[in-house]
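Q: Take a look at this one; I'll ask things after.
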Amino acid sequence: MTLAQRRARLGVRHHLAARATTVEEAVDGVVALHATDPASVYLSAWSRVRDVSVADVEDALYSRRTLLRVLGMRRTVFVTDIATAGSVQAACSYDVAARQRRLLEKQLGTLGHPENVPRPGAWLDEVMASVEKALRARGSATAQQLADDEPRLRQQLLMAKGKPYESIGNVTSRVLFQLAAEGHIVRGRPRGSWQSTQYHWSPLTDWLAGAVVPDSGRGAEAGAGAGSGCGAEAGPGSGFGVEAGAGPGSGVETGAGPGAGRGSGTSAGSGLSDPVPADWPGLSEAEARAALARRWLHAFGPAPVADLRWWTGWTAGQTKKALAAVAPAEVDLDGEPAIVLPGDLAPVAAPGPWIALLPALDPTAMGWQSRDWYVGPHRPALFDRSGNIGPTVWSDGRIVGAWCHRPSGEVAVRLLEDIGADKTAAVDAEAARLGEWLGEARVVPKFRTPAEKELAG
């Protein structure tokens, strides 16, 4: 597989060389959209879908509910389709939930809690069940409303003790995070604008009852059942949507499929709902990981095995088992061993020249751990210290610049290399198109990078 072929696949399959017709089609092309920064979901759709509007994305998320925010890979929130979300839950989220529950119980029992809970596991089960009961009574609620119903959510917790980013806060966000990771609740429509992170929460079963679940129409790449994808990065100490050391090797082999407990660490008889509704894909963890590996390989292959392991956050053992079920073909990438889906060796026709402005944490930019083939020498300007990529300018499958949205409304661009007059003009036209699309809204990435900050002034 040549470098030119990798770039052709990126442009075609990620809907950057030729745009998709629907938001769902665009999401399917990259498996999932990073949703740590809410604006990135909309801007990733804008980059890939013809004539898309904010209302189109909101319709898919909140009215038709064909797309869902789900906590998955690398302890991060993504937007993906309903079937994929079920696979994400089994392949990634249960492990995340188990690790985070152990950490939270430890913090409740020994670290920084003003009244160290003598039985943190039982305390957490009781509070989570109470919160879910309150949420079912309301139907939908904000974190503040749930804290009014269950005052124990206001318990103080010292997080990242002794670290530069040590902080004290209510346990509210951690409990809601745990409920979401275990598959009990889901983020719905936010308060305020489409860039808000203050979501209304709903019971997952209630939310999915109103969802539209069309036939995915996927080909062989989907494999046994609906595949999935997840992943996104953030800064240290936030605890949510972050790399924060949760990379390869941090996964836990729970051995639990979609049965009772599901590897989440929730105690038996806790009073919590069964995490995954019966009409979701009934995949075991092993089946879900194989399906997820197939989806990733179709979107991001060929690639080294290490890239799949990084993207999923799986252990080496989990990755090996998933690939044994997939039986990928081995290929050579300029002397480096890599894998591709079996039957996916035929070359993809090279698209014509294309330009794209991708937002911070775009799934294409964050799809691989080995990024030199599309980042080139520009890494120091484009990433923050935690590994989050900022807004980027792409030309024919590689990054050639950065952009920012200034307070004036201008989308300012800085090219990091000479791409010629015609492509430079195309970049300027795309920046003007984005500025017009954003209108009165102003977008500042949640995690600032050197090039973006310098451009913003």
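Q: Only sites in a loop by DSSP and with at most 11 other Cβ atoms within 10 Å count here; which GluC sites (Glu not before Pro) in the range 348-455 make the cut?
A: Those satisfying the criteria are GLU440.
Q: If you don't mind, another one. What nm distance separates the two modelled labels at VAL348 and THR110, each placed 7 Å from Cα along Cα→Cβ?
A: Taking the two extended label points, one gets 4.8 nm.
Q: Going by a ≥ b ≥ c, the root eigenvalues of the Cα gyration tensor, does the range 355-456 fall in the rounded group (a/c under 1.5), the prolate group (a/b larger than b/c) or the oblate group?
A: Oblate, since a/c reaches 1.5 and b/c is not below a/b.
Q: Same structure, new question: May I ask for the distance between the Cα centers of the range 6-59 and the range 316-382, given as a whole number of Å?
A: 17
Q: Now for a different question. Suppose each label sits 7 Å from its Cα in the direction of the beta carbon; what would the ARG442-GLU126 distance come out to in nanometres?
A: It is 4.7 nm.
Q: How far apart, in nm, are the 7 Å Cα→Cβ label points at LEU158 and ARG406?
A: Result for the modelled spin labels: 4.6 nm.
Rule-based calculations on the coordinates, nothing more; no lab input. None of these values were measured; they are calculated from a predicted model. Every residue, glycine among them, receives a Cβ derived from its backbone with ideal geometry; neighbour counts consider all protein chains shown.
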